[in-house]
1. Using each residue's phi in segment B:63-74, evaluate 6.51 cos²θ - 1.76 cosθ + 1.60 at θ = phi - 60° and report the 3J(HN,Hα) Karplus result to the nearest Hz, with x for Gly and Pro.
2. Just going by the charge dipole of chain A, with Lys and Arg at +1 and Asp and Glu at -1 on Cβ, which of A:N435, A:A165, A:L459 is farthest out on the positive end?
3. Report the one residue of A:A127, A:M142, A:G112 whose Cα lies farthest in the direction of the positive end of the charge dipole of segment A:96-148 (charges on C-beta: Lys and Arg +1, Asp and Glu -1; origin at the Cα centre).
4. Which of the chymotrypsin sites (Phe, Trp or Tyr not before Pro) found in segment A:97-135 are loop residues per DSSP with 14 or fewer other Cβ atoms within 10 Å of their Cβ?
5. Given C-alpha coordinates of segment A:102-188, what is the ratio Rg to Rh with the Kirkwood estimate of Rh?
6. Which shape class applies to segment B:46-129: rounded if a/c is under 1.5, otherwise prolate when a/b exceeds b/c and oblate if not, where a ≥ b ≥ c are the square roots of the Cα gyration tensor eigenvalues?
7. B:K262: which aspartates and glutamates have alpha carbons under 18 Å from its alpha carbon, excluding same-chain residues fewer than 8 sequence positions away?
8. Quick one: helix A:2-30 against the long Cα principal axis of chain A, what's the angle to the nearest 10°, folded into 0 to 90?
Amino acid sequence: MAKKAAKKTKAKAAPVKAKAKPAAKALAKTNGKSAVKRTATGLAALSRAPAESKKYLLGSSKIFTPEVMNDIHIKSELGRYRMRGFSLFKKIPHWDDLTFLPGTLTRFVIEGYREKCDTKTIIGPRAKRPMVLDIPVYVTGMSFGALSYEAKIALARGSTMAGSATCSGEGGMIPDERRYSMKWFYQCIQSRYGFNPHHLRLADACEFFIGQGCKVGLGGHLMGQKVTDQVAEMRSLPAGIDQRSPARHPDWLGPDDLALKIQEIREATNWEIPIQLKLGAARVYDDVRMAVKCDPDSIYIDAMEGGTGAGPHIATEDTGVPGIAAIREARRAIDELGKKGEISLVYAGGIRNGGDVAKALALGADAIAIGHSVLMALNCNKHIDGVTDYPAEIGVDAGFCYHCHTGRCPVGVATQDPVLRQRLDPDKAAERVYNFLHTLTMEAQLLARACGKTNIHSLEPEDLAALTMEASAMCKVPLAGTNYTVGLEGGNYHKY
Amino acid sequence: MAGLTTTKQAHVSHDLGMHTEALRGKTQQRFFDVTQEVGGYGYPDALDVDFNKRAELDCEKLDTKQINSQLRDLMKRGYGTIVLQNPGSKHSIAVGILNRLNLYIEGSCGYFALGLLDGPNVKVKGRVGWACGENMLSGTILIEKNAGSQFGAALRGGDIVCKGSVGARTGIDQKGGNIIVGGDTGSFTGFMMQRGRMVICGNAGKNLGDSMYDGTIYLGGEARSLGVDAVPGEITDLDREWLTRKLKMYGLYPKKGIGHFKKIVAGKQLWNYDNLEPGEKKLVL
């Protein structure tokens, strides 16, 4: 019997071996040749392993997943960190973990499709010339260099149609962007690439870039493939170098100096325009308290869900705190210092739809900035028949592209290549940007009306419930179906 | 460090036709054809002033806001030569002037003095605090005594001269123009310098020219240490000629002459970290 059993297992094991061999061979073949093949076909080969062999598997590691192992293989050959674009890959508590509690009998609802729900938004109300927007969403700073000329223009025109603002981003102003933008933020970034006092005079607001949610504590990146002659000239750099911007501002080091620097910009702009500080979300409560002491008109919190055009993968994944936690802390810091209504709070990071906009407003933001999702309105990660060939051009399928840093964007958004740039029609793209911004506002309005608000800014944390313990603890909102807020003394939300 | 190799990516991408636009000019972009539409953005704030009209402004009882607004007012009225008396080391004095002007400051200034300038010639009798002349596009600034840290931060054009010694991080992120220091400088001088020239007649502190991308530093004395990617360059007759002319212009005559000046340039090892992975490289280059 025993012999028979042994024979049986042997007979079974043999075909398994034979079948496993080609897969191993395929892996060996791709090894050391092409990282893209390795990630695409290599993983596919693993998942296509014969069912029979799976029968004898104990399981697979959830810590050392095939992706993690691949990553180690690649890094051990490269000898450095890996760069990529896009935003966070891993799962964190975010907007999906919250839900609205609309009016039923306890609250009076507003007619969803007819009655008014005001969306006018003011950033920096104390300034002589505050930034007044028709909708609570604007397009955040993305540099010319990271984005193509066509993409920048489309964003400017689309947001102007929607009655909103754009931001210059790093690398200076392109005149057409200013021309097409109804309202325009000028960014004063650490590297000061292309920073020009003449352009500062043309701005409707000045934004100090202090950190980015996606890679808090790091400067910007622009890989050499995108530093064309034009971009290099604007930034006073040698063409083709890998631009790694400084992480500190050149002329101030801490909050005391920053307060003086803000005063300088105010003097240079005749105390007219609002000054905004853009902070990456880290120790939000303390950072915002310090920021308030520097006396800006607005504070912008960029949470870890935020995107980037190029950044080390490890920084993208492992820096910052989630937006739902950051907004609440920032709001508390501003309110405690008695600056509610004087200093605006702008939030950015991981906003995908009107629901996210409404939730962020409810948690305490005064305005929302979007970057990553509006690029998708420009066609990011979209397959266009007869135009794009994602697998051949970028090595992955549409929907999985994170290769902004290579400058080979198949849809002409994050590239400087003259041929690829032609794939983006600024007229149509501007229309799409407008449609998207308009939709975000409509969706947020819809939820606000359902919650009984005639002004979108009247949304409040009471309108929300948390679906998970983590979300409840982070944004101090009661767990759905209970009156319990995780982490608060006695769980009583009203004592927060 | 692994992977610190100089690649010729710029050349390769150039061969592939990625750099099509031919550009002229130094710092300002003109390639979008601003004139294409009516109302192109020029420089509307440049006031027309007359150098022969002279005014004096006593700043003793004025705060920064008043000093700057009165300065603007004088310039609007066409005064081209303005003397500021008793500046009292106030912060942000005379920032954001975007036209020609002869400005004399009879005393010392605080932080961020003379920032964001384009055009004026300024002479400061006393000392200046941090970040004097930051982001200047053109013009000249001459400081008679010592200056604080971040002297000429993110300078993009013009000459900024300190006859005394300056603090740390002088010329940080310099993008053009000339920084000239008669005395010594502190640590991290020329940090992340991108373009332009810097002349230090005295000694420099630690990490001179750290992470510099490009540009030239001329050093008369000794540096305590050179920063990452800063390497000694070969000084030529052309350099010496320029140095003599420039220093004479501002009345600086180093005791030992300029024969012993050293030149420090970028090693260009930080230009490309070999940033692409094999798979991406195949697709791009």
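1. 9, 4, 4, 5, 4, 5, 6, 5, 4, 4, 4, 4
2. Among A:N435, A:A165, A:L459, the one farthest towards the positive end of the dipole of chain A is A:N435.
3. It is A:A127.
4. Those satisfying the criteria are A:F108, A:Y113.
5. Numbers: Rg = 16.7 Å, Rh = 14.7 Å.
Using only Cα positions, Rg/Rh for segment A:102-188 is 1.14.
6. Details: a/c = 1.60, a/b = 1.44, b/c = 1.11.
Prolate shape, in that a/c is at least 1.5 and a/b is the bigger ratio.
7. Excluding near neighbours in sequence, the set is B:D184, B:D210, B:D214, B:E222, B:D229, B:E234, B:D237, B:D239, B:E241.
8. 50
A short reminder: the numbers here are calculations on the coordinates, not readings from a lab. Every value quoted in this text rests on a predicted model; they were computed, and no experiment measured them. Glycine also receives a Cβ, built like all others from the backbone with ideal geometry; neighbour counts cover every protein chain displayed.
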